[in-house]
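Here is the structure we will look at.
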């Protein structure tokens, strides 16, 4: 077993789902200052200039905001995420390494957009000179052949990190680790570092982290404070850092109990996690107060890209 695994804290990015990406700035600065004093490798600040979906600060980061948040701290500690479905595809909207804004850009993309996303991320790497990670999400709904083919495509480009996301909180690495190690071996042959983003919809985030820790193929894991994130959230940062760092994060939690809260009905998200489908349906079902068994039957009926790409009208068609 490795002594540790490098951590990318995603509190301000993925955790932003609990506050519509509108964290109080003073809290965000406290979070950054706390995490910068731990052994967390990267602090992911939010999404970069994704104005098509939200104008809120942490979904629409820019140079000025990032500099205000990070102040005199080393930019090499910071990361931002871009989702190919929403991000700007104008290279001039992104800073270059010499601008000293952040050190890592992480790209993610839907399966049906993966080739265009790889090509854009490759151009972004050349243009910015920054470290670039390519995250393959919804990986539980890839066949082995699809997953290996996609990892091979990504690994042949000039990216620094190849990542997998358990987007729906479905994966059980106690059973499936060999599948992912086989895919990550392709990345390792191209000298790439590797990362796993672990959601906790079915309560397996920590056991999955332990499987990653026991694996020689996995270099990074994502986590967030109190596990905050989309759906039922993520691996908890405070549970995977060393003891002294844990106490620092616990102090931050103690001082910000209201802000660091996640009030959702867990039953619906457990069902989407069980069937490996997007938890946007869980959010919709909770708002409509759809009976649990009806919702479970609906989730079981979804096939192919229906499981990954949310269609707000689909569940209405299913109801009697």
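The values are calculated or read from the model by the stated rules, or taken from the named source; none is laboratory data. Nothing here was measured: the structure is a model prediction, and the numbers come from that model. A quick note on method: Cβ atoms are made from the backbone with ideal geometry, for glycine too, and the neighbour counts reach across all protein chains shown.
One residue stands out in the stretch 84-96 among those that are part of a helix (DSSP H, G or I) and in contact with a helix residue (DSSP H, G or I) (Cβ under 9 Å, 6 or more places away or on another chain): the one that is surrounded by the fewest Cβ atoms within 10 Å (Cβ to Cβ), namely 92.
A quick yes/no check of all residues on (1) in the same structural domain as residue 274 (by TED's automatic domain parsing); (2) in a helix (DSSP H, G or I); (3) surrounded by fewer than 18 Cβ atoms within 10 Å (Cβ to Cβ):
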{"position": "180", "(1), (2), (3)": "no, yes, no"}
{"position": "183", "(1), (2), (3)": "no, yes, no"}
{"position": "195", "(1), (2), (3)": "no, no, no"}
{"position": "198", "(1), (2), (3)": "no, no, no"}
{"position": "201", "(1), (2), (3)": "no, no, no"}
{"position": "207", "(1), (2), (3)": "no, yes, yes"}
{"position": "212", "(1), (2), (3)": "no, yes, no"}
{"position": "215", "(1), (2), (3)": "no, no, no"}
{"position": "218", "(1), (2), (3)": "no, no, no"}
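Condition first: outside any strand (DSSP E or B) and crowded, with 20+ Cβ neighbours inside 10 Å. Now tell me which residues in the stretch 144-174 satisfy that. Answer for the stretch 144-174, where residues must be outside any strand (DSSP E or B) and crowded, with 20+ Cβ neighbours inside 10 Å: 147, 150, 151, 154, 155, 159, 167, 168, 169, 170, 171, 173.
Within the stretch 125-146, the residues that satisfy the criterion of being under 20 Å from residue 191 (Cα atoms) and either at pLDDT below 95 or within 18 Å of the chain's Cα centre (by Cα) (or both) are 131, 132, 133, 134, 135, 136.
Per-residue answers, yes or no, for (1) closer than 30 Å to residue 153 by Cβ; (2) assigned to a strand (DSSP E or B); (3) within 16 Å of the chain's Cα centre (by Cα):
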| site | (1), (2), (3) |
| --- | --- |
| 28 | no, no, no |
| 68 | no, no, no |
| 82 | yes, yes, yes |
| 98 | yes, no, no |
| 115 | yes, no, no |
| 123 | yes, no, no |
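Would you point out the residue of the stretch 133-143, among those that are in contact (Cβ under 8 Å) with a residue 60 or more places away in the chain and not in a helix (DSSP H, G or I), that is surrounded by the fewest Cβ atoms within 10 Å (Cβ to Cβ)? Across the stretch 133-143, the extreme among qualifying residues is 137. For the subset of the stretch 30-66 comprising residues that are part of a helix (DSSP H, G or I) and in contact with a strand residue (DSSP E or B) (Cβ under 7 Å, 6 or more places away or on another chain), which member is surrounded by the fewest Cβ atoms within 10 Å (Cβ to Cβ)? Here the answer is 36. If the condition is being free of Cβ contacts under 8 Å to residues at least 40 places away in the same chain and assigned to a helix (DSSP H, G or I), then the stretch 100-113 contributes only 113.
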